[in-house]
Amino acid sequence: MNRSLRPDAVLVQAVIAGALSFAHLHDLASAAGQSGWKAWAYPVSVDLLLVAAWRRLRVGRDQSSWTWFAIALAASLGANVATAGLLDLQQVPAWLCILVAGWPALAFLGGTLLVHAPAPAAVEPEPDEEPSGPEVEVHRVDTPNPVAPTPVPAAELTLAPVKPPASAPAVPPALLDHARSIADAHRTSTGEQITADALTARLGLPAQTCQAIAAQLQLT
C-alpha cells in the first residue's frame, strides 16, 4: 500500500544544516587555495568522517571514535564560524592553508582506523546453572554392613539368685520350696508379688530365717 509522504521537521532541519555546513566548508577550502573539484571534496570528506565516527559510536563507545568525532565536528564547526565574518577570506592566514592542505591525509587516517578497528567484544550472558540431578547413595558391596546386636527382652534375662549373707542361717530346700509355693499362690490370687513381711507372717518362722528365705526369693 502506498504511504503518503509527509514532511518531517527534523529531516528538513537536517537538510538545511547540512547544506549550509557543506557550503561553508567549500568556501573555506576555496579561500585556502583549493579550487575546482577539490574545494567540493573537502566538505564531503569532513561529513563522511563525522558519519563514520558516529556509526562507530553507536556500535561501541571506544576512545578513538570519540576522538575522530570531535575532530570532524571541530572542522565543520570551525568552517561555519570562520565564514561568519570573523576571518577575511581574501587574506587567509598561512596556518589555515596548512590545515586545509593536510586535512585529506588526516581524514584518510581517521577513516581507516575507524573501519579497521576491532569491534568491542560482546558480553556473553552467563549460562544458567543446570539443575543438579538427584543424589544417589553408593554403598560398597565389598564391605559388610555392621550388624547391630539384637536387644534381649528384659523378660528373658535370667537374674542370678542372690546369695544370702554368710551369717544368715541355712534354709532347707523343702522349706524354700514351700515358701516359693506360698509366694506363687499369692501372685496368682492377687496379681502382685508377696512382701517379705507377709511371707514371714504366713510361715510363722523366726525373723532371721524368714529374711534368708526372702533374700533367696528376692522379696522386698
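The values are calculated or read from the model by the stated rules, or taken from the named source; none is laboratory data. These numbers were taken from a predicted model, which means no experiment stands behind them. Every residue, glycine as well, gets a Cβ built from its backbone with ideal geometry; the counts of neighbours run over all protein chains shown. Remember, those area values only see protein heavy atoms, side chains included, never the ligands or the DNA or RNA. Shrake-Rupley method; radii C 1.70, N 1.55, O 1.52, S 1.80 Å.
What to note about this one:
- Note on THR190 and VAL12: the model spin-label points, each 7 Å out from Cα along the C-beta direction, lie 12.4 nm apart.
- Prolate/oblate/rounded call for the stretch 180-220, Cα gyration tensor, a/c under 1.5 rounded: prolate
- Estimated FRET transfer efficiency when R0 is 22 angstrom, pair VAL51-TRP95 (beta carbons, to 0.05): 0.20
- The length gained on full extension between ASP197 and VAL44, counted as 0.36 nm times the residue separation minus their Cα-Cα distance, comes to 42.0 nm.
- Accessible area of the stretch 1-115 belonging to carbon and sulfur atoms, whole % at 1.4 Å probe: 67
- Extension gain, LEU106 back to ARG58 (0.36 nm per residue minus Cα-Cα distance, nm): 15.1 nm
- Separation between Cα centres of the stretch 178-220 and the stretch 30-65, rounded to whole Å: 125
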